[in-house]
1. What is the percent carbon and sulfur in the accessible area of the chain, measuring with a 1.4 Å probe over the protein chains and ignoring ligands?
2. Remind me, what semi-axes does segment 1-54 give for its equivalent ellipsoid, largest first in whole Å, using sqrt of 5 times each Cα gyration tensor eigenvalue?
3. What are the extents of the Cα atoms of the chain along their three principal axes, listed from largest to smallest and rounded to whole Å?
4. Hey, what number do you get for the chain at 222 nm if only DSSP H runs of n ≥ 4 count, each worth -39500 (n - 2.57), divided across all residues, to the nearest 500?
5. Work out the length of the dipole vector of the chain about its Cα centre, built from +1 on the beta-carbon of each Lys and Arg and -1 on the beta-carbon of each Asp and Glu, and round it to the nearest 20 debye.
6. Along the positive direction of the dipole of the chain (beta-carbon charges: Lys, Arg +1; Asp, Glu -1; about the Cα centre), which of F23, F33, T102 reaches farthest?
7. Which Cys residues of the chain have no other Cys beta carbon under 4.7 Å away?
8. Could you report the chain's accessible area per residue, 1.4 Å probe, as an integer in Å²?
Amino acid sequence: MQNLTTMEQFELLKNEEKVVFKFTADWCPDCRFIDPFMGEVEEKFSDFTFVSVDRDQFIDLCGQLDIYGIPSFIAFENGIEIGRFVSKDRKTKEEIESFLQTI
């Protein structure tokens, strides 16, 4: 999974075909919980580009997108938001896959 490095990169990526942004932080235990299986999720849903967004590095972006809990996911296709799985709750592999199947 690639890491977001600039706002310009965010704007470019969200205009691609199918991209999922995973909002996370190093200090977040629920974010660390999903790390071991995210590679499998990425393989299973290979039609998406997955991008990790450090919440602390992109706090203004999180505010713009109404992301107040992590880990959270927002999917875009050609610049249009097509789905969001946003909450402060811990997420399971099954919940993440279920979200991705709906978009």
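1. Using a 1.4 Å probe with all protein chains present, the chain comes out at 48 percent carbon and sulfur.
2. 19, 16, 6
3. Reported extents, whole Å, longest axis first: 29, 28, 20.
4. -11000 deg cm²/dmol
5. I would put it at about 260 debye.
6. Value: F33.
7. C62, each lacking another Cys Cβ under 4.7 Å.
8. I get 54 Å² per residue for the chain.
The values are calculated or read from the model by the stated rules, or taken from the named source; none is laboratory data. Quick caveat: nothing in here was measured; it's all calculated off a predicted structure. Neighbour counts run over all protein chains shown; Cβ positions are idealised from the backbone, glycine included. Side chains included, ligands, DNA and RNA excluded: accessible areas come from the protein's heavy atoms. Shrake-Rupley method; radii C 1.70, N 1.55, O 1.52, S 1.80 Å.
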